[in-house]
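Here it is, the structure in full.
Rule-based calculations on the coordinates, nothing more; no lab input. Nothing here was measured: the structure is a model prediction, and the numbers come from that model. Every residue, glycine among them, receives a Cβ derived from its backbone with ideal geometry; neighbour counts consider all protein chains shown.
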Amino acid sequence: MKAIPGALSAWLAQRLSALYMLLFMLYALGAWLLARPEGYGAWRAWMLAAPIRIPLALFFAALLVHAWVGLRDVIFDYVHPMALRLAALGVVATALALTAIGLAPLVLAP
Amino acid sequence: MRFLVYRFVPGADTRPRMQRYDVALEPHDRMLLDALERIHATQDDSLAFRRSCREGVCGSDGMNINGRNGLACITLLAGLREPVELRPLPGFPVVRDLVVDMTRFFEQYRSIKPYVIDDEPPPERERLQSPEERAQLDGLYECILCACCSGFCPSYWWNPDRFLGPATLLQALRFIADSRDRATGERLEQLDDAYRLFRCRGIMNCTEVCPKNLNPAHAIEMIKLRMTKTLV
């Protein structure tokens, strides 16, 4: 496999992350329909259970990747002055990084 | 029949205006271009618009008709809501009235090298294609470069200098898909750019307005698919 060059990688990342999120949501919805977790404790236990934990972490990673490519595209489309564009990209990157930090305890919780 | 036509001469007018024309049509005036020519002949010979073949082949008279891009020569008057509002192709610089500057559009077309590239010595007679290989070009070669699609694409409006637009990308696939072409790799490499190809959001305005019923949105997806296939 050759290295993925340029813009194709971002487009592929967006498509693949969307596909993964769709599959995960279908799985999660199916699981909740079959056995609905009652209350916060049950939710927490379900999310931290071994079979769901890594797919859930991947779901959030896919969400962040998807959001980054999408918001980057919006900025590329509409924000043309370079200084303003870099600032907007910085704001988005910071917001997504903070979201990742906020999500980390959920995924990494003992 | 009543028309509201965009009038603007850059340099002479301070701002564009919409001019009203009430036209008495003749029985054989069936297409919008007939009405424009009637206005030009009987009311106002200063109104500027392009036309040539008057049968949907040359692509000269692309314009915005009641909010939708199309060719005046193949748009039936009978189906138009009055007053018929005519404007130049959106997103293109206006030269005068309904005439737009197509320079950048054709520079972009040139940039994709719209010809078969094959450096091998030419065969004695011709470079043959099988019927199946030839069929790959159907839906691509018919494009007349009227720019109705590119002029209806928001991505092209926002980034007309860097995004190639649906018409040029459809033409790009026409040569990528050509079995006689030997430069497919370079062509795909040239398009792998955040702007040239990937500004397309797939909203399919291009397909919606193409007067030749082609599908530039599908062509763009096919280019992305071919690019993806080069990775595996």
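Below 8 Å between Cα atoms, with a sequence gap of 6+, how large is the relative contact order for chain A in percent?
Once divided by the residue count of chain A, the mean separation gives 33 percent.
For chain B, what is the relative contact order in percent, using Cα pairs closer than 8 Å and at least 6 residues apart in sequence?
Working: 372 pairs, mean separation 41.8, N = 232.
Relative contact order for chain B comes out at 18 percent.
For a quick check: sort A:11, A:43 by the number of other beta carbons within 10 angstrom, fewest at the front.
The most exposed by this proxy come first: A:43, A:11.
Got a sec? How would A:15, B:196, B:110 order by Cβ neighbour count within 10 Å, fewest to most? Before the final figure, lay out the partial values.
Details: A:15 14, B:196 23, B:110 11.
Taking fewest neighbouring Cβ atoms as first place, the list is B:110, A:15, B:196.
For region B:128-163 and region A:38-110, compute the distance between their C-alpha centroids and round to whole Å.
After rounding, the separation between the Cα centres reads 37 Å.
What share of all Cα pairs of region B:107-232, in percent, falls into each consecutive 10 Å distance bin?
Per 10 Å bin, starting at zero, the Cα-Cα P(r) for region B:107-232 comes out as 13, 44, 32, 9, 1 percent.
I need the P(r) histogram for region B:1-75: all alpha carbon pairs, bin width 10 Å from 0 out to the longest distance, whole percents.
Cα pair-distance distribution for region B:1-75, in percent: 18, 51, 28, 3.
Now, a different point. Using modelled amide H (1.01 Å from N, peptide plane; none on Pro or chain starts), what sits under 5 Å from the amide H of residue B:19, excluding residues fewer than 5 places away?
Under 5 Å from the amide H of residue B:19: B:5, B:6, B:7.
Now, a different point. Kirkwood Rh and Cα-based Rg: tell me the resulting Rg over Rh for region A:19-110, rounded to two decimals. Can you show the working numbers first?
Numbers: Rg = 16.8 Å, Rh = 15.2 Å.
A ratio of 1.11.
Could you list B:28, B:40, A:66 in order of exposure, starting from the residue whose Cβ has the fewest other Cβ atoms within 10 Å?
B:28, B:40, A:66
Taking region A:39-86 as the region of interest, what is the percent of Cα-Cα pairs per 5 angstrom bin, listed from the shortest bin to the one with the maximum distance?
Here the calculated profile for region A:39-86 is 5, 19, 15, 14, 11, 9, 9, 7, 8, 4.
When only alpha-carbon atoms count, how far does region B:171-232 stretch along each of its three principal axes, as whole angstroms with the largest first?
32, 26, 18
At q = 0.07, 0.08, 0.13 Å⁻¹, work out log10 I(q)/I(0) for chain B with the Debye formula, treating every Cα as an identical point scatterer and leaving solvent out; two decimals please.
The Debye formula, applied to the Cα set alone, gives -0.27, -0.35, -0.81.
Kindly provide log₁₀ I(q)/I(0) values, in the same order as q = 0.12 Å⁻¹, from the Debye equation applied to equal alpha-carbon scatterers of the protein assembly as shown.
-0.97
Right, next: How much mean residue ellipticity at 222 nm does the protein assembly as shown get from its helices, if each DSSP H run of length 4 or more adds -39500 (n - 2.57) and you divide by all residues, to the nearest 500 deg cm²/dmol?
-15500 deg cm²/dmol
Going by amide H atoms built from the backbone, whose H comes under 5 Å of the H on residue B:85, apart from near neighbours?
Close amide H contacts, sequence-distant or interchain: B:4, B:66.
Going Cα to Cα from residue B:212, which aspartates and glutamates come in below 13 Å? Please leave out same-chain ones fewer than 8 positions away.
Once the sequence-local aspartates and glutamates are set aside, what remains near residue B:212 is B:55, B:138, B:142.
Expressed in whole Å with the largest first, what are the equivalent ellipsoid semi-axes of region B:116-168 derived from the C-alpha gyration tensor as the square root of 5 times each eigenvalue?
Semi-axes (√(5λ), whole Å): 33, 15, 8.
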